[in-house]
Amino acid sequence: MTLLLAGARLPGRDGLVDVVIDGGRIASVEPTGSATGVAAGERIPLDGRWLVPGLWDQHVHFTQWAQTARRLDVSRAGSAAEAAALVRARAEASPADSPDDVLVGFGFHDALWPDLPTRELLDAAAGDRPVVLIAGDLHCSWLNTAAAARFAPGTPDAVLREDASFAVTSLLTAADDATLDRWAADAARVAATRGVVGIVDLEYGWNLDVWRRRIADGAPGLLVEFGIYGDHLDRAAGLGLRTGDVVEGTGGLLTVGPYKVISDGSLNTRTALCTHAYPDGGHGVANLAPSELVERMRFAVDHGLVPAVHAIGDEANRRALDAFEAVGAGGRIEHAQLIDASDIPRFARLGVTASVQPEHAMDDRDVAERLWHGRTDRAFPLADLHAAGARLAFGSDAPVAPLDPWAAIASAVGRSRDGRDPWHPEQSLPPEAALAASVRSSVTPGARADLAVLDRDPLTSAPDDLRTMPVAATFVAGRATHDTLR
């Protein structure tokens, strides 16, 4: 059926337009009152609201995001002792139903804590009940004795980092598939209220079957590109999966995404690979030797899969760019948080997208000033990347930051949050560039009708107003997934 969105404003353009949608695509964009051929369709008056392409979150861990609201929030803990006190309060308020009832928390940042996270602190807080607290950057986890015995026997450390932590957190799904799918559907509906039409899901595991099941069960209309990790690279190649291919039987909602490889760690965990030492003397970790990175990326490219390389430290970013150059193919670098000035122009030259999460700059500014002291002028260099012609793609890394593109846009434009002075405002982006990094299409004839209707102009709104951008409706291929207009 034909749909007419009447009286829309397009950011940066004068006057009102009528947008006709037919067959899931934009059929025409004409001055208001001049659209024809829609008598048999539905007319929705926008009354001067702003119409923009639907937003994408281009880096999420969707299943973890769907679970986060049901986990203990320890993000505000200013010390290990405070985090343990939160665990004690939750354990007392919600006793375990069985010895297998694991208390899972999320969001701690220990880089600025004055004390150390120890097993003894969590043991005193929760006794024999297993406790696993996952760091806000997803790259380390803190276990008590009972959890270590269950998930990481023989490990003496209270805090596990990188692969050891990933191995534990991958075992923490406390719900069955049906429950997880219901939570995921709820999360998708909430995302639609923020104008989100699509995500790049880089959840750990084999996501093809997960999303096939969710879509077959009637999950909300969210476009999904699913990532593939190294453990499943051979499997994906054997199935002939290629980045950009639409998966049959999913109504066009599911597409094969990139090959994800994690080359270094994270800032808060002090494992991001850097040229200069951290205060403790370390330089971070390289999860792969340069030759191994090239080998895996070349295999992926040869099988039609676009590499998406996690690189946070400046040395990791340089090695990732070197690998793209050696392979002779473009792709994505995920995070790109600290970059040497000499490497900035290489993104555009090599056709490498900077898949960045601007909200992380706000989360990490204080820890960056301590751990990357004297180098934060090169941290989250969005303006430099944009000026050099690099393609920017915004995401949240949810649950590391909330799945809300407007938070990313606000941080990119204002470089501030919570009333603080802007952090390195020379790296601020103009609103047009920030919005472009958050969408995949345009409001033009022939484009997919993936759209968001806004109550404010995104190009003239202040950063704080961008964070609270009211979204009146969201459409995926012309079908409303969020609607306050009718």
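The values are calculated or read from the model by the stated rules, or taken from the named source; none is laboratory data. Note that the coordinates shown come from a computational prediction; the quantities given were computed from them, not determined experimentally. Here Cβ is always computed from backbone atoms with ideal geometry, including for glycine, and neighbour counts include all displayed protein chains. The area values use the complete protein model at the heavy-atom level, side chains included, leaving out ligands, DNA and RNA. Shrake-Rupley method; radii C 1.70, N 1.55, O 1.52, S 1.80 Å.
Quick notes on this one:
- Mean-position separation - Cα centroids, the stretch 378-424 and the stretch 29-93, in angstrom: 17 Å
- Summary of the geometry: the stretch 319-366 and the stretch 449-486, compared by the centres of their Cα atoms, lie 29 Å apart.
- Helical mean residue ellipticity (222 nm; -39500 (n - 2.57) per DSSP H run of 4+; nearest 500) of the chain: -9000 deg cm²/dmol
- The distance separating the Cα centre of the stretch 1-28 from that of the stretch 259-308 comes to 44 Å.
- Debye log10 I(q)/I(0) for the stretch 1-132, one point scatterer per Cα, at q = 0.09, 0.11, 0.22 Å⁻¹: -0.55, -0.61, -1.22
- Charged-residue dipole, Cβ positions (Lys, Arg, Asp, Glu), the stretch 58-170 about Cα centre, Debye nearest 20: 220 debye
- Label positions at D101 and W206, each projected 7 Å from the Cα along the C-beta direction, are separated by 3.3 nm.
- Counting only DSSP beta bridges with both residues in the stretch 328-447, the antiparallel share comes to about 10 percent.
- Highest-first arrangement of 149-156, 160-167, where packing means the average Cβ count within 10 Å: 160-167, 149-156
- Counting 0.36 nm for each residue step from R13 to A69 and taking away their Cα separation leaves a gain of 16.2 nm.
- Every Cα-Cα pair of the chain was included, and the share exceeding 28 Å stands at 54 percent.
- Each label point was placed 7 Å from the Cα along the Cα-to-Cβ direction; for E295 and R235 their separation is 2.2 nm.
- Accessible surface of the chain [probe 1.4 Å, protein heavy atoms]: carbon and sulfur percent: 50 percent
- The stretch 303-384 - accessible surface per residue (Å², probe 1.4 Å): 28 Å²
- The protection proxy used here, the mean number of other Cβ atoms lying within 10 Å of each residue, ranks peptides 318-328, 332-342, 71-81 as follows, highest first: 332-342, 318-328, 71-81.
- Additional length obtainable on full extension of the chain from D115 to R375, 0.36 nm per residue less Cα span: 91.0 nm
- P(r) histogram, all alpha-carbon pairs of the stretch 52-102 included - 10 Å bins from 0, percent: 18, 35, 29, 12, 6, 0
- Computed FRET value (nearest 0.05) for L171 with S94, which takes r as the C-beta separation and R₀ as 25 Å: 0.75
- Our summary of shape: the Cα atoms of the stretch 363-481 have principal axis extents of 49, 30, 28 Å, ordered from largest down, in whole angstrom.
- Peptides 449-456, 358-365, 460-467 ordered by average Cβ neighbours within 10 Å, highest first: 358-365, 449-456, 460-467
- Gyration tensor over alpha-carbon atoms, the stretch 91-135, equivalent ellipsoid semi-axes in Å: 22, 12, 8
- Simple spin-label estimate for A149 and V246 gives 5.4 nm between the two label positions (7 Å along the Cα-to-Cβ direction from each Cα).
- Theoretical FRET efficiency, 1/(1+(r/R0)^6), r = Cβ-Cβ of D157 and D457, R0 51 Å, to 0.05: 0.50
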